[in-house]
Every structure is written in C-alpha cells, then in structure tokens.
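The structure under discussion appears below in the form of structure tokens.
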Amino acid sequence: MIVPLLNRTGNKYYLCSQVLDELVMYGMRVDETDVPENLYYSKEHQWLSVEGEKCRVGLTDHAQKQLHEIVYVDLPQVGAGVAAGQVMGSVESVKAVSDILSPLSGEVLEVNKNLQENPGTINTSPYKDGWVVVVKASRLNEDLKSLLSAEAYCSHVKTLLETK
Amino acid sequence: MSHNKIERCAKFSPDVEMSPADPRVGVFICHCGGNIGNTVDVDRVRETAAQLRSVKCAETNRYLCSSSGQDLIRSKTREHGLERIVIGSCSPRMHLKTFRDLCSSEGINPYLIEMANLREQCSWTTLDKDAATDKAIDIIAGAVGRAAHLEPLTPSEMKVNSNVAVIGGGVAGICASLELANQGYKVFLVERQPSIGGHMAQLSKTYPTLDCSLCILSPKLAETKNHPLIELMANTEITTVDGSAGAYSLTLTRRPRYVNEEKCTGCGDCAKVCPVEVPDEFEEGTARRKAIYLPFPQAVPNAYVVDEKNCTKCWLCIKACKHGAINPRDQAIQKRIEVGAVIVATGFRVLDPSGFTQFGFGTHPNIITNLQLERLIEHGVYRPSDRKTPRKIAWIQCVGSRDSRNGQPYCSKICCMASVKEAVLLKELVPNLETWIFYQDLRAAGKGYEEFYVRAMEDGVQFVRGRVAEVVPISGDELLVRAEDTLLGEVLENNFDLVVLCPAILPELGIGELAEKLGLHIGSDGFLLERHYKLRPVDSQNDGVFLSGCCLGPKDVRESVVEALSTASRTASLLGKGVVTISPEKAYVISERCDSCGECVKVCPTHAIELPQGGAKVNSISCVGCGLCIPICPKDAIDLKNSTESQLMATIEGIAGATAAAPKIIAFAEATSAYTACDLVGLGRQHYPTNVRVVSVPSVGRLHARHLLAAFSAGADGVIMIEGEGTVLSEERFRAHVNEIRKTVASRGVESLRVFATRTTIPQFAKLASVFETFTERVRKLGPLPPEARSKTKQLAVVR
C-alpha cells in the first residue's frame, strides 16, 4: 500500500506501509475511522439504526479496529430482554475481550447467526454484514436522547484517542 | 473479612463417603523476599490459616525454597507429625518439584503437598495490600481444603522404544539423525520431498566463511544414505501419530515414485524423452525440468522421480530406461513405525512476494527473490530478461518482515547476512558490478558476521538505510527503485538492472496439521513453540517430541545445526535411561457404579478408555488426564487422580468461601496453557482486579455445572472458564460444553452472563488481563448474586 503524504517543504513523499507503522508508533494517526451519518452511536461504541419499530445494533468501526481480529462473539438469546447500558453479549479478539452494551431497551428479535461461524465479519463489515442484533424497542424516544450523533461520536472518539 | 465464613468453610465436607480421616496439615507461607511480603500481609494470612480445619501449624519464612526455609518445613513436619503440607509461595510451575523432593526426603508421598500460588497470581497482580491479603487467604483456604483430600500416588515406569523418527531431511534433520545414529539409536528419517538436503542444498555459498554449501552438505547426505542405523524415507509424510513419550506409533504414507530406487542409476535417459516441461522447484523457477526428473545432481536417494501432478502418463520413459527401473503401477504405501521419540525439523518456506505489489515481483523478469539469485549464482550470473551480465544490482530487505501492517512483525534474521554474502560473491565474479543494499537496520550479530559486513563495505558494497517505496520497470532491462534514504532524509531514485527481494521466512506448509497430530503448540508468529524459551529451547509442549531448525523460527545453517545437535542430546537423555516415568494423574473407573453405557469411550480424545465386560477400563499409558470423561458420566463412575471430585469441590469451597470480595470471581484455568498464561500476566506485573481467583483444572472439559454451582453457592458472583488453545478439547466441543454448563446454571437461577468462557495461547497471555477486567466490570454491574439464587445453587451443588 502506498499512501501519498506531504512533507513540510511540499515535496511529494511515497511511503510504504512500514513507514506508516512507524508514524503510528510515534503517535501520528494515519488511520481513518468510518462513522456513517445516518446512525446513532453510544459512548461504548455501539451503533444503532432505526428501521421502523425495529432497531439494528452493531459495533462501530472504531471498536473493531481497537479490538483487532475478532475470534468469537457471544450473542444474546432471541426473545431475551435487554436494557439500555446493560451487557447483552461480548466480543472476543486475539488480544482482548469487550462486553457489548445494549444502546436501547427492548426485546431481542433477531441475532446475526453468521457471526458464530464468521466472527471476523465485524472486522470486514462493521456497519453492514457485521450487525449483531435486531431489537424491538420499548422506549426508543428516551433511549435516543442519550445516544450520540455521528458528529458527536467522532469528537468522542477523538477525545479518547487524544487522552490515550 | 468475616470470621463466620471461615467457620463455614472449615465445616465443609462435600462428600462424606470420600472424606479421609482428618489429616494433620501444615501451612507454610513464603515472603519470597519482598515479592509476596510487600503486597500481602503474610502474618494475617498465617493467623487465618492457623484457624482452618485440620491445620496443625502455620509458619512463615523469608525464602521457603532456601535451605533454611526447607529446614523449617522439615523440623515442623517432625514436630507436629504433619501428613499434608501446604506451601503458599510462587507458582507450582516454579518450585513444585523442589517441594515434592523435600517431601520425599521426609518420607511423605510427594503428591501430599499442595502449592498455593501467592506470587504470580496474587502479589504480582496488584498493589492493593488489603485486597491482596484477602485474596491470599482465599487461595490458602482452597489449598488447605484440597490438601485434606489429597491421596498418596506413585508414578509408574514404562520401558521405552529406543528408535527415533526425524521429520524433515534438511540440514537440521540430517545432523540430528547422524548424531543419534552415531550414538547407536535407530533413526527413521522422513522427508516429504523426493530428496533430502532441504534449502541448504539450494544455496551457493554460506556466510561468513564462504564455504560452498553443497560441498559441505553432500558428504553428510551420503553419510546419511549409507549409515546402517538410518532408514531414509523420502517422498513420505506422516499420516497419524499415536502413543506418548517412549512409545509413539507413526503411520507414514510414501507417495509413489514410479521409479525403483534400487534399479535407477541416475543416467537420465528417461528425462531426455519426457515431453513435459515444468518450472524446476529446486532452481526456484530459474530453469525448467521434465516430469520425470532428478531433484538435483547430488540428490539422495540418487534416483529419478515422476512428478505425479504434471506427468501425462505417456510412459515414453519406460522404453528409454535400459534398467527397467520405471514402474507405472507404483502405489502409495502405508507403513507403521514404532519409536520412542520424534524430532521435528520441518524447516521454512519463503514468502511469495507478489502480494507486495509495490516491489513489482512477477511484473518484470529482472525482479527476483534472493533464493532465485542463489541459483543464478550457481549457473553463472545473468539477468533473466536477456541473459546478459548485470551491471547494477539492488537488494531490498524486509519484504514482508518487520511489517506488522501487511506482513510478519518479526525479523527474518538471515536476509541481511545472505544479501551481504551475495553482494561480496558477485563483486568477485563480475568486474565493476555495482551492488546496493537497501535495509532497515543491518543485523550482523554472530561470530564473524560483523567482520564480514565490514569487509563488504570495504569491497565497495553500497548500503542505503531506507525503505523502498516502489520498484518500477522503465524500459527494457531497466528498473527504477524509488526509496527514502532515512539517514539523509531525502528521496532517492536510481536505476538497476536486477532487483533482489528478500522475502520473509515463514514456517513450512502443513506445520499446523503436523502440530495437531503431534500435540505441539504454535506461537502467534506461526512457528512452533518451545517448552521454555530460554531453558528448554528445543523441547516441545509434548514430552518426547523435540524441535530444531527453522520450524521454531528463522535461523541460519549454523544455528540450525546447533539445535539439531541439542535435540539429539535431549532425545538421548530421554531414551538412554531405557524407561520413562508415567504420571499417576490418570482417570480411573469406580467399577461398582459403572453401568457400561460407553459415554466416556466416545468422549475420550486419546481413545484411552475401553469397554470390556464388567465396565469401562482406562489405559493409563494413553490417558492424558484431561478429565473430559468425568462430567459426561451419568453415574459419576469415573474420576481423576490428583484432581478428584472431592479435591476439586474442597478447593472451590475454600477459595470461593473464605473471605468476601465484591464481586467475587472464580476463574477455572486449564492447567497447562491457560494456567501458565495466568502466571505470565503476573510475571509481567500486569495488574488486574483482585476479585479474580484462579483455580487450576486439568481442562475446562473436566468441569461439570455442579462445580460452578458449588462456586456460586460458596460465595462466587461470577465464574470464568479459560481453556488453552490447541488442547484436547476442540473448539466445537469447548463451546458446546460451556453452553451446556450455562444452561444448567441458568436453570438454577444464575444469569448466564455470570458465566464467561474463553481460550488463550501462552503468548497471548496479556488478553487474560483484559478478560479479568471486562468480566469483573460486568459482574460489578450485575451486582452480587441474589441470596435466593445462592441458596438455590446449594441444592444441586451437594447432589452427587
């Protein structure tokens, strides 16, 4: 992968991936995080898309990048009740384990069974094929109030990265 | 901490019929200098321990492993007539043997001591003194509970088979075979390729001495072939492996060669008439060969071979062969060999650099790998585009190595010196040749290596510190190399007519399947894992299997030979005694309860259980002591020595019940990989919540829901189960087992979120700190287990 970057004098530099690694190591951020506009976000890095009565929930691109290669996903049972801010499952990567907190209250209608066979789908397609559950919301309007917009989530992630 | 809890723990007796007469237990707690003493209030632990049931004396010492510490244990043992000893100190992985030997010398059976891990899994994981002390008390209470149920055990001995199988016939496998055969051991040398010799046979010269590679290797090849104690099996692979150290049984499959090795004289008449031409693997594609071919002129066995994949079966070769050596009806042959030990020397393969498109491999004939260059040097140096002598050559280091983004994070180690050697050689061969080496860091650590590097600089080899951004074919034979010179801080563009890539060294294909068959572990870099990185560098995780050469990681010829000779020595010290000791920690059947249902036979991963008339029987040689058979038995008719039902229950009751921690979390860790990983977290002084207490189990598969319920009933608010990666418990069975346990536990009113299961490898130990933190946080949110649920769990936990 060659990424063109500009140095101070404006000459074009071609840097190979190894140089990028070093830049990241020295604290420069070259990675970009994908944060789609039309979704709601929780501070705990779950996204939520409202599809009528149903809400689809997944992990953000930032979350999957922090976790690295995801190897196992523990999903809730269909029919289980979930409450905003409560644990509903977990994701496990080769390096870490993270709980999935439900961004809303309601009842689990569907779980992404594909993740049991291919947990890495969260890495490759966090906002599409890597969705985690579909929940029938019980108090959506209140729950949405405590969620972030794409813009607010971006600045939340930025703060996290800066304080790290 | 509450005194009541101690009382309750002390009164606990999980299984009256199996409970031994109250034995006399002594508890000894080590300060380990300040390692334990600075974080754990050792005196408070001693005072509490002294009140536990069966404890007749509780003592502390600065260093229990020292001779004065051992003297204290001796004198107290005599004074109080102790029958069981609990040592609160470092991990049993560190000093179990020391204290077992001490017990033996005092006439106490070595299996009657129990170690409580107060250092790696307690004092080194926190700075909170109070919490660490409470945790230490719990760990001691668990150990004391278990100690009361310990039984004397005696290891048995088995005669060993003194034959050895060596897998891989490269320089490491050859040297190991010769060394062992010269000591009088019969060796089966198994090679997948049609000839032994490996990658070393492909090299031109070796650094830093510039010895001709084949000149030093081919005498070894011939010696191997002619040695009366070496049976050379080329074109052969391992199919199955059974048995254990001292008595392995291997099934080998020899692929058909279609040429009789005895009759073939190597004249080559067959190849002359063969109509099929394909790229030659030995020449790394720089030349072509026929479908019937000799791998290389000095090949051993020196016989032609038919390449099954490319042969069109025209059999023109049959007529051409004057010796009648060609056999079109040759078939794969299965062979079984019995050996006492196995040496793995499967070597490496070179990364295909075409994935790194910036270097243009495959887009221009003058972009080659360094292994291809080695072959070109042998054939007279030329650039592949027009076969003319090159004038200016560039070497590019670290193609896919030291590149955690797109390649391997590790250093492939041999490329720097190999490139320097090639540059020096070519400068001698080609007058006025310009040689440029683009490197990240030039690594020349080794005897005579730095001197060789200095010589190269004096010879006029150009060294550029910088990463190459891209290689672009420009016109005809010319290639543009664009790089960043990091010393000068500027972009450098230069034309070359030969570009040599140094791709990463990877483990040989099929290493995963072989590791599975032999019970070996693979590290995060993909190479095999040694038992101990520094002190047992050629031992595998499996007794009786030793590792040498590049299957462990990239290394050069000299280092491979050093390891080969080490494995020969390790093998000889295993087989030389004539007997091996077999651990007594095996499953056993309580025959009056067994109703011959056969569930245990189905679940046993090593086929160690048979079902003759009158109940199941365990073969103690094949049994690996994993305990998978225990939870599956509907009659509770099978148990495991040194991890018996009563011992495990007593540990759980003690560790979960002695003190209060909010929330209290019990982590069951599989004894080999997972427990070691837990130790490594402490060894790295990585802190995690003190709420977590680790209990060692032979395998998560040994656990039944009743053990978790016992933990909840005694005071736990959450349970973690950790299994090592690559153990006898397959991923599928592990997840199914865990789900089964969760269901049962949930039916007793404990939310399934209070049970967590994960797997880890030893090198990924840092993940466990994340597991402990995340799970503690989760249980904290869930709050303490409600009292109704706790009392409900009690009912099932006691039922046996």
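Observations
- Anchor residue B:309: aspartates and glutamates whose Cα lies under 16 Å away (excluding residues fewer than 8 positions away in-chain): B:277, B:280, B:281, B:330
- Given charges at beta-carbon only (K, R positive; D, E negative), |dipole| of the protein assembly as shown in Debye: 1460
- Fewest neighbouring Cβ atoms within 10 Å first, the residues B:420, B:538, B:164, A:111 line up as A:111, B:538, B:420, B:164.
- Put in line by how crowded their Cβ is, counting other Cβ atoms within 10 Å and starting with the fewest, B:257, B:467 read B:257, B:467.
- Assuming charge only on the beta carbon of Lys and Arg (+1) and of Asp and Glu (-1), the dipole of the range B:266-334 about its Cα centre is about 380 debye to the nearest 20.
- Other-chain or far-sequence residues with amide H under 5 Å of residue B:60's (modelled H): B:29
- Net lengthening on full extension, residue B:454/residue B:272 (0.36 nm per residue, minus Cα-Cα): 60.8 nm
- Helix B:645-657 and the longest principal axis of the Cα set of chain B meet at an angle near 80°.
- Going by neighbour counts of Cβ atoms within 10 Å, the residues B:55, B:601, B:618, B:190 line up, fewest first, as B:601, B:618, B:55, B:190.
- Size of electric dipole in the range A:64-160: Cβ of Lys, Arg +1 and of Asp, Glu -1, about Cα centre, debye, nearest 20: 220
- For the range A:121-164 and the range B:723-794, distance of Cα centres in Å: 26
- When the Cα positions of A:134, A:123, A:47 are compared along the charge dipole of the range A:40-149, A:47 comes out farthest toward the positive end, with charges on each C-beta of Lys, Arg, Asp and Glu.
- Local electrostatic count, residue B:493, Cβ distance below 11 Å [Lys/Arg +1, Asp/Glu -1]: -3
- Pairs exceeding 20 Å between alpha-carbon atoms, taken from B:517/B:617; A:95/B:135; B:388/B:413; A:65/A:95: B:517/B:617; A:95/B:135; B:388/B:413.
- Separation of alpha-carbon centers, the range B:126-145 and the range B:449-506, rounded to whole Å: 59
- 12 Å beta-carbon shell around residue B:586, net charge (K/R +1, D/E -1): 0
- Selected from B:299, B:464, B:575, residue furthest toward positive end of dipole (chain B; charges at beta carbon): B:575
- Here chain B is treated as a Stokes sphere of Kirkwood radius computed over C-alpha pairs; at 20 °C and 1.002 mPa s its diffusion coefficient rounds to 72 µm²/s.
- Long-range HN-HN contacts of residue B:404 with modeled amide H, under 5 Å: none
- Across chain B, the mean sequence separation of Cα contacts (distance under 8 Å, 6 or more residues apart), normalised by length, yields a relative contact order of 13 percent.
- Along the axis of the charge dipole computed for the range B:1-155 (Cβ charges of +1 for Lys and Arg, -1 for Asp and Glu, origin at the Cα centre), the listed residues B:123, B:94, B:50 are led at the positive end by B:94.
- Expected 222 nm ellipticity per residue - DSSP helices of 4 or more, -39500 (n - 2.57), all of chain B, to 500: -9500 deg cm²/dmol
- The local environment of residue B:480, defined by Cβ-Cβ distances under 10 Å, has a net charge of -2 under the rule Lys, Arg +1 and Asp, Glu -1.
All of the numbers you see were taken from the coordinates with simple rules; none came from a lab. Just so we're clear, the structure is a prediction, and the values are computed from it rather than from any experiment. Using ideal geometry, Cβ is built from the backbone for each residue, glycine included, and neighbour counts are taken over all protein chains shown.
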